[in-house]
């Protein structure tokens, strides 16, 4: 007689635990759904990279103009996903991976496409893309030590300078293929692209060097060891 209430109590505890787990799962599920919008924007940016490359792979009269529009839209999603994630508390681990990954794919594709139009020398493109690979490697190393390497002001300035340079190049290309004459603007644009590229490369190198300088001690530490 005493045994059965104990069993019943045991089942009661189990069902209560299951109920708690179910509630927890529901919470996680709801949170995941809430986090979908910024992540979907990052995924959309990666998809736009495919459209960007496909457009430039086809020889047709308005490929640069179309590429400019795609790049501008992709850049807009970069602004939106970060803003939404921060302001609506939708920052997720997946988002921390997808957002910089989408940026790197977009920027790398655009920089490589400038070689096609002779708007950037090979050494400049390789320098800027190599920096992305090096920082990705450093970020992985920092993660092994249980730390997170977020983007600093230099990294943000680097991304902005690269995007501005790429947009300026495609605006120039678009004006040429649409045969739109803008007078003095054409002259200024054509004569500022190279200095703009040099400035972008300089910012890219400086920001990358700063990342390594700030984490230099961590680079020489074994995983699991304390780093002050």
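The values are calculated or read from the model by the stated rules, or taken from the named source; none is laboratory data. What you are looking at is a predicted structure, and each value in this text was computed from that prediction instead of being measured. We place every Cβ from the backbone using ideal geometry, glycine too, and count neighbours over all the protein chains shown.
Tabulated values for the structure
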| item | result |
| --- | --- |
| Residues of the stretch 146-189 satisfying the condition of being under 28 Å from the mean Cα position of the chain (by Cα), farther than 19 Å from residue 101 by Cα and in contact (Cβ under 8 Å) with a residue 60 or more places away in the chain | 167, 170, 171, 173, 174 |
| Criterion: touching a residue at least 12 places away in the same chain (Cβ under 8 Å), surrounded by fewer than 17 Cβ atoms within 10 Å (Cβ to Cβ) and in contact with a helix residue (DSSP H, G or I) (Cβ under 8 Å, 6 or more places away or on another chain) - qualifying residue of 90, 106, 98, 80 | 80 |
| Residue ranges of helices (runs of 4 or more DSSP H) in the stretch 111-228 with at least 2 members crowded, with 16+ Cβ neighbours inside 10 Å and either modelled with pLDDT under 90 or out of contact with any strand residue (DSSP E or B) (no Cβ under 9 Å at 6 or more places or on another chain) (or both) | 122-144, 153-178, 184-214 |
